[in-house]
Amino acid sequence: MTDADIPEDHPRYESLVTRHRIEAGVERGITSRQGLIAQGRGEAFDYLLGERTIESADRAARAAAAHLLLAERPVLSVNGNVAALVPGEIVDLADVVDADLEVNLFNRTDERMQAIADSLREHGATEVKGLAADARIPGLSHERAKIDADGIAAADVVLVPLEDGDRAAALAKLGKVEIVIDLNPGSRSARVADVPIVDNVLRAVPNVTRHARALRDRPRAELEAIVREFDPDDALEAAERAIRNGSFADDRE
Ligand code: PTJ
């Protein structure tokens, strides 16, 4: 089955496409089996949020775009779920904001590193970092800590979609501006982020790109104002409110 076999008028179209892509990612050696579990957890929150981009997540995506455009050395971190769900979209975002792509895995193996780097190149990436692994995130056990000295280690702004909480916290301690995409507003990753985007990575990545395209010719002062006015605690509270008061329709299965 391919994405094209899923009827677009199915009430849960996006969810079915997502499941299919993650499954295909596991089959191709890109996504870890734990990635399936992570996806299930994300899907539950997406359901509670109404499977849409809530207004506060859109504001966060705009602030993320402004941060990435202002950055000296922005890096987009790619794991097995991101590579399965939004390979072309993440390459597109890197192009628009002139960021590096770095493969950074929680369950790191050489085979998965290579498969993901190859897939990103197939989707148009010219350079993929992460394979050198010549630097470490302090305070984490060996494999999870590996990063590139001229990639995440040297970055001022890092986008980490679907990050493990422990590592998100360790990255935040390094003093980088951290943008996290995570459907769970209570997750540690979302809580340590300077910009938590509580949205499905499938919608969030193209949305940050759309904002970046719209903002890229604006004066720096305007981008700085967008960054300054964004409040991560407000964004998390708004997402929690949306979940509590959610009117998720019961015609979805
Ligand atoms: O490819 P690897 O080895 O780097 O491993 C990647 C995973 C995601 C398996 C690893 O980082 C992991 O175990 O993550 P966690 O701790 O399960 O956290 C994943 C978070 O992402 C959870 O809070 C989920 O709610 C959230 N999430 C899952 N799917 C999505 C999502 N957020 C946004 N969009 C999704 N599609």
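Table for the structure above
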{"item": "Which numbered condition Asn81 fails, given (1) part of a helix (DSSP H, G or I); (2) more than 13 Å from the chain's Cα centre (by Cα)", "result": "(2)"}
{"item": "Checking Ala60 against (1) closer than 29 Å to Ala238 by Cα; (2) of a type in the set (Gly, Ala, Ser); (3) at pLDDT 95 or above; (4) not in a helix (DSSP H, G or I), the condition it does not meet", "result": "(4)"}
{"item": "Criterion (aliphatic (A, V, I, L, M) and over 23 Å from Leu48 (Cβ atoms)) met by exactly one of Ile152, Ile243, Ile179", "result": "Ile152"}
{"item": "Qualifying residue in region 61-69 (condition: farther than 23 Å from Leu16 by Cβ, within 15 Å of the ligand (Cβ to nearest atom) and touching a helix residue (DSSP H, G or I) at 6+ places or on another chain (Cβ under 7 Å))", "result": "yes"}
{"item": "Counted residues, region 27-42 - those being free of Cβ contacts under 8 Å to residues at least 40 places away in the same chain and either touching a His at 6+ places or on another chain (Cβ under 6 Å) or more than 7 Å from the ligand (Cβ to nearest atom) (or both)", "result": "4"}
{"item": "Region 177-209, residues that are small (Gly, Ala, Ser) and either farther than 17 Å from Val91 by Cβ or more than 8 Å from the ligand (Cβ to nearest atom) (or both)", "result": "Gly186, Ser187, Ser189, Ala190, Ala193"}
{"item": "Residue selected from region 84-99 under the condition open to solvent by 50 Å² or more (accessible area, probe 1.4 Å) and more than 13 Å from the ligand (Cβ to nearest atom), by the criterion nearest to the chain's Cα centre (by Cα)", "result": "Asp92"}
{"item": "Extreme residue, surrounded by the most Cβ atoms within 10 Å (Cβ to Cβ), among residues of region 153-170 that are away from the ligand (no atom under 13 Å from the Cβ) and within 22 Å of Leu202 (Cα to Cα)", "result": "Val158"}
{"item": "Residue match in region 130-151 (condition: open to solvent by 20 Å² or more (accessible area, probe 1.4 Å), part of a loop (DSSP other than H, G, I, E, B) and either closer than 25 Å to Ala60 by Cβ or of a type in the set (Val, Ile, Thr) (or both))", "result": "no"}
{"item": "Some residue of region 198-214 being open to solvent by less than 20 Å² (accessible area, probe 1.4 Å), among the charged types (D, E, K, R) and more than 11 Å from the chain's Cα centre (by Cα)", "result": "no"}
{"item": "Residue match in region 33-42 (condition: open to solvent by less than 10 Å² (accessible area, probe 1.4 Å) and not hydrophobic (A, V, I, L, M, F, W, C))", "result": "yes"}
{"item": "Filter pass, Arg73 being free of Cβ contacts under 8 Å to residues at least 12 places away in the same chain, over 16 Å from the mean Cα position of the chain (by Cα) and surrounded by fewer than 18 Cβ atoms within 10 Å (Cβ to Cβ)", "result": "no"}
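The values are calculated or read from the model by the stated rules, or taken from the named source; none is laboratory data. The shown structure was predicted, so the numbers you read here are calculated from the model rather than taken from an experiment. No Cβ is skipped: glycine too gets one built from the backbone with ideal geometry, and neighbour counts run over all protein chains shown. Ligands, DNA and RNA are stripped out before the accessible areas are found, and what is left, the full protein with its side chains, is counted by its heavy atoms. Shrake-Rupley method; radii C 1.70, N 1.55, O 1.52, S 1.80 Å.
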